[in-house]
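The values are calculated or read from the model by the stated rules, or taken from the named source; none is laboratory data. Here the structure is a predicted model, which means the values were calculated and not measured. All Cβ positions, even for glycine, are placed from backbone atoms using ideal geometry, and neighbour counts span all protein chains on display.
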Amino acid sequence: MTTAAEGFDRRALLRRSAMLSAGLLIGPAALDRALEASAAELPTGAAPFVDSYRTNVLANQTPETNAAVRALSGMQDLWRTGSSWDNGVVLNRSVLTANVRHVARITAARTADQAKRAFIVDRQHQSYSAIGGLGPLADLYKAGAKAVTGITSAPDGTPPSTVDEKLPPDAPAGSALGAGSPDSALGQVVLLVNTLRGNFASGNPSKFAYQYPRPWRLSADSEVVPTGETDEFGYPVYRTDVVVAPQLLRQRSLKPAEDGGYPSGHTNALHLACLALAYAIPERFQELVTRAFDLADMRIVAGMHSPADVIGGRILATALAAATLADPQNATLKAAARAQASEYFRQQVGGDLFGHAHSAGTATDPYADREANAALVAPKLTYGLPKTGRRVEMTVPKGAEVLLETRLPYLTANQRREVLRTTALPSGHALLDGPEQWGRLNLFAAADGFGAFDSDVRVEMDANRGGFHAADTWHNAIGGRGGLVKRGTGVLTLAGVNSYTGATRVEGGTLVAGSPAALGKGDVELRSGTLRLESAVRVRSYRQGSGSTLAVTVRKGACAPLTAGRPVTLASGSTLEITLEDVPAGAVVPVLAAPVLVGRFARITVAGGQRRVQAQYTLAGLSVRVLA
C-alpha cells in the first residue's frame, strides 16, 4: 500500500484498480485514454464519499483508505508529494506558479484594514464568524443560541504571544464560543453546526497526505527553497515573494511537515459552518454561501494560504456537509434544526421571515445585494488558475442533492440533482475534476434554480406549506430543449434571460415572468391559475384556457406586455387583469400583439378597482382605452 510519506499517483491508482478488475484485457495506454474520459468516476471498489466519509480520520492518509484524501486528489495532477515535506515535485508549473503569485499580489496590495480583518478571521471561531452571513437575523441568532466571541478586534503591531479566543468576561451565563450553546433556544441548530464540524470533518489527514507547503515557504515557482536560516523553534525558514504581515503569523510549534497548506482548514470549517446554517435557515442560503467565500478568501489576504488551499478546503467542506446531512443518523437532527430555526425566527420577527431576512440595506448587511454577492463568489470559484484542458461530463456526486433540501424543498431529490448538474462549473479547471467532481458544484448558482431544462420540468408548489413552497424566484439564465410545467398553488418567478425552447405551461398557482426573456423561446399555455407579466415578453405562441388569469402591467408609450410570433387563442372563460402605471384617462395602450388573435377575454379588470378601461379588439391584437 502506498504510504503518505511516499505520496501517491492518482492515475496509477486508477489504472491498477481498473486493470485488476478488467483482468488485464487492455493495456495501460488504452486505459489512460479511457480514464481521461471518465476522470470523475471512482476507482474500482471505492465507495462514494457520502458512504465512506467516516474514513476521514488521522490514521488514514491514503486515497485507498480515506475518502477525503481521495476526493481531493485533483491536486495529484499538479503536485506529487515527496519523501518529505520539502522535496515534492511540481507537475503543473503554470498552475502552481499562478497559485503562489496570486498570494504575492494580494498580500502586497493588502491594506491595514484588510490585514486586521484577516487576523480576526484567523483567530475567531469559524462557527461564530459564519453567523455574520445571517444579516438582519444575526443578532437574533446570537441571542437565541447564546453565541459569543472573545475576538472582536486585531491588535496593532505584533502580538506579544499567541492570541487565543476565550469567553469574554461579560458574557451572559450559559454562553458558548462558536455556534453557541446546545442548551439554548437554538440548541438544535447549534448541534447541527457542531455535527457537520464533527469527528470526521478534519482537513489534517489530507494535509499530511499531500504536504503541499504554505505559500510563504514556496518560491514563485512553487518549489520549496531552503535558505539555511531557522526560526525560533529551530525549523528551517524558506524564502518567498509572498509578503506576510507579522501580526498575522501567530507562534507555531509545528514542524513544516505537519503544517501543510492543502487543504485550508479554516476554509473547510467556514464552509461547513455556513452550509449548516444555510440548511437550517435557507432564507439566507445564498448570503451564507457568499459569507463562506468571503471569509475563506481572507486566508489568502493573510498570506496563510494559497488559492489551491482555499479551493481544496471548499471541496472538502462541500462533500463533508453533504455526507453528514445525508447520513441517516442525522435525519432527526437536521429536521429538528430546520423546524426550530423556522419557529424561533418567526416568533422573533412576528411575521414574514423571508422578508425580514432581507430587510436590511447594504449599510448594515454586507450581503444584501444579490448581484454583488454573485460578483464576489464568481472569481473565487476557480481563482482564475490556468485551466488543465480536461473535458469531463458532469455527474452529480451521490447525496449532493441534500445540500438543497431546504432551499428548494418543492423539488424532488432527482430535480435537485438536475439543478446541481445544470449549474455546475465547466470541466477543465485546476483541482475541480477530482473523483465525484465535488469541486464543480456551484451552490450559489444552484440556489437560483435550474441552469437548463434538458427535458420537461414539472414543478408543484403548495402555498399552504409556506416558505419557499409558497414563493420562490429562479434567477439563472435557463437554456435547454425542454420546457416547464407549473402546478400547485405557490408563486414561481422566472427572472433570468431564458432561452429554453420547450413549452411553458401553467396548470396552477402563479407563474411570474420577471424579465423580457423569462418565458424562453417556446409556446406558452395558461391552462389554470395566473400568468403575471412584470416585463413585456415575446413568445412563440400563446393560448389561454377558461378560468385562468393573465395579469399584465401597461404603461404609456410602452409596447404590448405580450407579443406572440404566432396566433394567440383566448378561451371564452378567460380573464385579463390590468395594472395601469402612469397612464392618463383617454390614452389607448396595447396589451396583446400577434399575427392573429382568436377569441376574447370573458372579463377584464383593473387592479385596485378605481379605474375603468374599454377593450379594443382587432384581428392582430388587443388594446384598451383608459376611461377614468
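When each of GLU405, GLU418 is tested for being in contact with a strand residue (DSSP E or B) (Cβ under 9 Å, 6 or more places away or on another chain) and surrounded by fewer than 24 Cβ atoms within 10 Å (Cβ to Cβ), the lone residue that passes is GLU418. Residue count for the range 40-56, restricted to those that are surrounded by fewer than 22 Cβ atoms within 10 Å (Cβ to Cβ), within 22 Å of PRO328 (Cα to Cα) and in contact with a Ser or Thr (Cβ under 8 Å, 6 or more places away or on another chain): 2. Under 8 Å between Cβ atoms, which residue pairs at least 6 apart in sequence (or on different chains) link something in the range 157-177 that is of a type in the set (Val, Ile, Thr) and surrounded by 10 or more Cβ atoms within 10 Å (Cβ to Cβ) with a partner that is modelled with pLDDT under 85 and not in a loop (DSSP other than H, G, I, E, B)? Going by the 8 Å Cβ cut-off, the qualifying pairs are THR158/PRO246; THR158/GLN247. Put simply, of PHE293, PHE285 the only residue that is touching a residue at least 24 places away in the same chain (Cβ under 8 Å), within 17 Å of the chain's Cα centre (by Cα), closer than 20 Å to ARG105 by Cβ and assigned by TED's automatic domain parsing to the domain that holds LEU192 is PHE293. In the range 340-354, of all residues being modelled with pLDDT of 85 or more and of a type outside the set (A, V, I, L, M, F, W, C), the one that is surrounded by the fewest Cβ atoms within 10 Å (Cβ to Cβ) corresponds to GLY350.
Yes or no, residue by residue, for (1) modelled with pLDDT of 95 or more; (2) acidic (Asp, Glu); (3) within 28 Å of LEU353 (Cα to Cα):
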site: ASP454; (1), (2), (3): yes, yes, no
site: ASP472; (1), (2), (3): yes, yes, yes
site: LYS486; (1), (2), (3): yes, no, yes
site: ALA503; (1), (2), (3): yes, no, no
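For LEU531, the criteria (1) over 25 Å from the mean Cα position of the chain (by Cα); (2) part of a loop (DSSP other than H, G, I, E, B) hold in every case but one, which is (2). Which pairs have Cβ atoms under 6 Å, sit 6 or more apart or on different chains, and link a residue in the range 408-428 that is over 11 Å from LEU443 (Cα atoms) to one that is modelled with pLDDT under 95 and crowded, with 18+ Cβ neighbours inside 10 Å? Within 6 Å, the pairs are SER427/VAL392; SER427/ASP433; GLY428/THR388.
One line per residue, one yes/no per condition, for (1) of a type in the set (Val, Ile, Thr); (2) touching a Phe, Trp or Tyr at 6+ places or on another chain (Cβ under 7 Å):
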{"position": "ASP86", "(1), (2)": "no, no"}
{"position": "THR97", "(1), (2)": "yes, no"}
{"position": "ILE131", "(1), (2)": "yes, yes"}
{"position": "SER153", "(1), (2)": "no, no"}
{"position": "LEU167", "(1), (2)": "no, no"}
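The range 320-388 holds helices (runs of 4 or more DSSP H) entirely within its bounds, and those carrying 3 or more residues that are under 22 Å from the mean Cα position of the chain (by Cα) and charged (D, E, K, R) map to 370-380. Residues that are in contact with a Gly (Cβ under 7 Å, 6 or more places away or on another chain), part of a strand (DSSP E or B) and closer than 24 Å to ASN498 by Cα do not occur anywhere in the range 542-555.
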